[in-house]
Structures are given as C-alpha cells and as structure tokens.
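K.L.:
Below is the structure I would like to discuss, written out as structure tokens.
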Amino acid sequence: MSFDAFAPAHRIAADIREGVMTAEAVITGFLQRIERLNPAINAFTDVTVGRALAQARAVDASRAAGALLGPLAGVPFAAKNLFDIAGLPTRAGSKINRERPPAPRDAVLIERLTAAGAVLLGGLNMGEYAYDFTGENAHDGPCRNPHDLSRMAGGSSSGSGAATAAGLAPISLGSDTNGSIRVPSSLCGVFGLKPTYGRLPRTRSFPFCDSLDHLGPFARDVTDLAMAYDLMLGHDAGDPACARQAAEATLPTLKQGVDGLRIAVAGGYFSTDGMPDAEAAVAAVAQALGAARPLDIAGAGIARAAAFLITNGESSAFHLARLQQRADDFDPETRDRFLAGALQPTAWYLQAQRARRWFHDEMMQLFDTVDLIIAPATPCVAPEIGSKTMVLRGETVALRPNLGLFTQPISCIGLPVAAVPVFAGALPIGVQLIAPPWREDLCLRAAHAVAQAGIATARPAHHS
C-alpha cells in the first residue's frame with residue numbers, strides 16, 4: 001500500500017493494526033514530507049526524529065508480539081511549542097525561552113496521546129508567547145499558509161494549523177486564549193476544537209493568560225478530532241482550573257446528527273455584512289444544519305473588550321520580570337502590548353471581570369432557548385504575510401487584533417467551539433459551532449453533520 005499523507009488518523013491506525021502498513025513506514029513517510037516541505041511552510045521548529053522512529057518501532061514490535069495496540073497506534077501528531085516536550089526547551093514562540101533547560105517530561109496531553117499509541121513528530125511554530133493572530137514569528141520566521149505560501153497561517157497556533165493542512169501530521173495540538181485554535185483552523189482550512197475552559201488539563205504547558213487559556217486538537221477529519229479529544233479527557237491535579245467532573249466520550253455521538261437540536265445563526269455583532277467569504281460560509285453551514293433562526297447576542301462587543309483587558313492584565317503581570325530585564329529580546333509588537341497591559345489600571349481589570357460575568361449570564365439565558373449557535377470564525381480568508389491593515393465593514397482597521405473579532409467574545413466565557421472549514425474558491429474560511437459549557441458533543445455532532453453534507457471539508461493544501 002502506498003503512503004498517503006492525507007489519510008485520516010483513524011484509517012492509518014487501522015492499517016497498522018491490520019498489518020497493511022508498518023508504523024515505521026508511516027512515520028518515515030511523514031518525516032520525509034517534513035524534510036521536503038517544512039523549509040517552505042515553516043510549521044515545525046523542532047523535529048524529534050529519533051524519538052519518533054523509536055516509538056514507531058516499538059509499536060511494530062508490540063504488534064509482532066500480539067499485544068493489543070492503542071487506538072492511535074503509529075499515528076503521527078505534533079504539538080505547538082508551548083507544550084513541554086521531553087528533551088527540548090519549551091520555546092512558547094520566544095527568543096528568551098529557548099535558553100530554558102530542556103523539559104524533563106512531556107505535557108500531560110502529549111503523554112495521553114502517546115499512551116494511546118500516537119507518535120510525536122516534534123514542536124510547531126507559533127506566535128510569540130501566544131499573543132498573536134497572524135503566525136508571523138519574529139524569531140523563527142512566519143509560518144506560511146499551505147494553500148498559498150504568500151499568505152498567513154493565522155495564530156497563534158500557526159504551525160498546528162499549517163502542519164495539519166499540509167499533510168505533515170493528521171493531528172496536532174494547539175492552544176486558544178482569544179481564538180488561537182479557531183483562527184488558524186479558519187485560515188488553513190482544517191477542523192479545530194476549543195473545549196470548554198477547564199475541560200482539558202494544561203499541565204506542563206507554558207501559560208499566556210491563565211483565566212482564558214484552553215488547549216485543544218486540530219485535525220483534517222471530524223472523527224480524528226473527536227478521537228483525539230476523547231483520548232485526552234480526564235482531570236489532572238497539576239492544573240487547578242481543570243474540571244473534576246467526568247466527561248463522556250464524544251466519538252460514539254457523532255452519527256446522532258442534529259435532528260431535534262435548536263440551532264441559531266448569530267447576528268448583530270456577528271454580522272458578516274461586507275464580508276462576502278464569511279457570509280457565504282455561514283450561510284452554507286446554516287443551510288446544512290437546517291438553521292434559520294437569527295439570534296442577536298447582546299453584549300458580545302463588551303465581552304470582546306473585557307477579553308482584551310483581562311488578557312493584557314494577566315499576561316503582562318506574568319511577563320513583568322522578562323519585560324524589565326530583557327525587553328529588547330521580545331518581538332516589538334508583542335512587547336508593546338505587554339507594556340500597555342502593565343500600565344493598565346487595576347480598576348479596568350476588575351470591571352472587565354464584572355462584564356465577563358454579566359455576559360456569561362446573558363449567554364446562559366440564550367442557551368435556555370437554543371442548543372447551538374453558528375457564527376463566523378474570521379472576517380476574511382488568509383491575508384498576505386506582512387499585511388498590517390484590513391477593511392472591516394467599510395473601515396480600515398489594524399489587522400492583527402481584528403482577525404480575532406469573532407472569536408474573542410466566546411473565549412471570554414470559555415464556551416466549547418468547533419471550527420469547521422468551508423472553501424471560498426481556492427482559500428478556506430472557518431465557521432464556529434458554539435455550544436453551552438461542557439457540551440463538546442454538540443459541537444462535534446454538528447461538525448460531523450456539515451462534513452457529511454460535503455459543506456465542511458479539509459482539502460489537501462496546494463503546496464503539499
């Protein structure tokens with residue numbers, strides 16, 4: 001059987017279990033693709049060749065011995081370089097962090113996928129300290145969109161989106177504070193899941209803004225997305241925010257569909273007027289899910305403002321010593337946002353937290369009347385690398401913050417969201433499927449339904 005870099009992860013695992021392919025052959029094939037394609041795409045910052053081959057050979061040895069293989073045995077994956085990877089310094093996209101000693105142990109989510117048989121290929125490029133929506137890293141270079149190398153991959157989980165889209169890894173891990181899973185998913189044309197805040201443990205990952213940070217998976221296939229998510233579930237005491245409540249696996253629910261669900265399309269703040277690609281994508285997904293009801297989400301703009309203030313306040317406090325001692329070693333754009341946060345009055349932060357609670361309560365009332373909300377993920381398809389401005393509803397605005405226009409209000413209150421890709425011609429754009437807290441199953445059921453309808457699909461990237 002010939003090597004297929006775009007095969008779903010669950011199919012790769014089945015082929016290895018059945019002896020159609022060896023894990024070593026699969027991993028060797030992916031490593032060769034990374035060697036060939038990564039210089040142009042710049043998704044990987046570290047490739048763990050020795051570890052990957054050793055893990056693959058261990059999978060093959062286990063199969064030869066008749067041992068029961070894990071559900072992702074031999075399947076490659078990669079992780080944003082803010083996840084601890086044993087033997088590597090945890091960069092978090094920065095110049096300063098690469099001087100840290102190597103991590104002694106993997107992040108918990110990497111450990112859980114590895115325990116399921118998955119094989120880590122390495123660490124992925126990202127925006128510095130995760131404070132970025134573009135994927136243009138000042139230290140490691142920009143991560144490029146595999147569909148068009150002149151365009152952004154989105155951030156801050158740029159390498160995660162690009163590697164998954166380019167067939168360099170069928171599953172990748174990223175983080176999302178204000179949209180850093182959903183923006184790259186949208187611009188790179190893959191599926192992404194931002195779980196409920198506190199659902200997946202962040203133990204042994206480098207923080208950005210503690211009260212907003214989430215971790216989650218990317219995949220080209222909804223079944224793979226659900227499988228990876230399910231395998232990472234479970235409380236871990238190393239993350240105080242990690243929920244203790246048990247979570248049921250979502251994979252068995254995918255085929256339940258959306259019949260009987262009350263689905264609405266977000267309007268008002270989430271209007272796509274003047275954004276033709278986003279408007280068409282939302283309309284296509286809404287039609288596939290049978291959603292006709294418009295829903296005005298009052299206060300979304302206030303929630304976005306609160307997210308900005310909370311992000312600035314918490315992240316600048318965390319980085320204050322680095323700012324004082326090594327300001328010149330930051331990307332100037334990241335540094336200036338941190339400095340602004342350090343000067344922010346405490347009263348603003350407190351008021352932002354009050355607004356956050358108010359918006360949470362408003363959304364919970366809305367979820368008494370609907371089960372799922374459809375909203376755009378980004379205002380546009382991937383902009384060209386180096387772009388500083390964009391036109392938004394007829395006004396020229398700064399591009400970097402406004403790629404997160406539609407994602408930040410949802411992050412502010414930690415709701416679960418699946419991002420699904422729709423192709424607007426040659427380039428993709430994403431749509432958010434938003435559910436009440438702890439209902440990742442609804443997000444994934446809806447994502448599966450639009451994928452089955454042929455609306456949401458992750459196409460092989462042009463430069464792959």
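Values in this text are rule-based calculations from the coordinates and carry no lab data. Computed from a predicted model, the values in this text were never measured in an experiment. Every residue, glycine among them, receives a Cβ derived from its backbone with ideal geometry; neighbour counts consider all protein chains shown.
K.L.:
Which cross-chain or sequence-distant (5 or more) residues have an amide H under 5 Å from the amide H of VAL417, H modelled 1.01 Å from N in plane?
P.N.:
It is LYS194, by chain and number.
K.L.:
Also: Return the whole-Å distance between the Cα centroid of the range 138-213 and the Cα centroid of the range 273-330.
P.N.:
Distance between centres, Cα-based: 14 Å.
K.L.:
I need the peptides 389-395, 140-146 ranked by packing, meaning the mean over residues of other C-beta atoms within 10 angstrom, with the highest value on top. The partial results should precede the final answer.
P.N.:
On the way: 389-395: 12.4, 140-146: 24.9.
Highest to lowest by the protection proxy: 140-146, 389-395.
K.L.:
With each run of n ≥ 4 DSSP H residues scored as -39500 (n - 2.57), what mean residue ellipticity at 222 nm is computed for the chain after dividing by its residue count and rounding to the nearest 500 deg cm²/dmol?
P.N.:
Details: 15 runs with 171 residues, N = 464.
For the chain, the value works out to -11500 deg cm²/dmol.
K.L.:
For LEU72, what charge total do you get from the other residues with a beta carbon under 14 Å from its beta carbon, if Lys and Arg give +1 and Asp and Glu give -1?
P.N.:
Details: positive: ARG11, ARG17, ARG63, ARG112; negative: ASP15, GLU111, ASP221, ASP224, ASP230.
With Lys, Arg at +1 and Asp, Glu at -1, the neighbours total -1.
K.L.:
Taking the Cβ-Cβ separation of ALA321 and ARG244 as r and a Förster radius of 45 Å, what is the calculated FRET efficiency to the nearest 0.05?
P.N.:
Working: r = 32 Å, r/R0 = 0.72.
Once the sixth-power term is evaluated, E becomes 0.90.
K.L.:
About the Cα centre of the range 9-452, what is the dipole size in debye to 20, counting +1 per Lys and Arg Cβ and -1 per Asp and Glu Cβ, all else neutral? All intermediate terms of the calculation are to be shown ahead of the outcome.
P.N.:
Details: 39 positive and 43 negative charges, 78 e Å.
Its charge dipole is roughly 380 debye.
K.L.:
May I pose another question? For the range 9-452, what is the convex hull volume of the alpha-carbon atoms per residue, in Å³? Walk me through the numbers before you get to the answer.
P.N.:
Working: hull volume 59.1 nm³, N = 444.
Residue-normalised Cα hull volume stands at 133 Å³.
K.L.:
Which of the aspartates and glutamates could a cross-linker bridge to LYS388, judged by Cα under 12 Å and excluding same-chain residues fewer than eight apart?
P.N.:
In chain and number order, the partners are GLU136, GLU333.
K.L.:
What is the packing order of peptides 330-343, 240-253, 301-314, taking the mean over residues of other C-beta atoms within 10 Å and listing the highest first? Write out the running numbers ahead of the final one.
P.N.:
Working: 330-343: 17.6, 240-253: 14.0, 301-314: 21.9.
Most protected by this proxy first, the peptides run 301-314, 330-343, 240-253.
K.L.:
From the phi angles alone, apply the Karplus equation (6.51, -1.76, 1.60; θ = phi - 60°) to the range 124-133 and give each ³J(HN,Hα) in whole Hz, x where the residue is Gly or Pro.
P.N.:
Listing the rounded values in order: 10, 4, 6, x, 4, 6, 6, 9, 5, 10 Hz.
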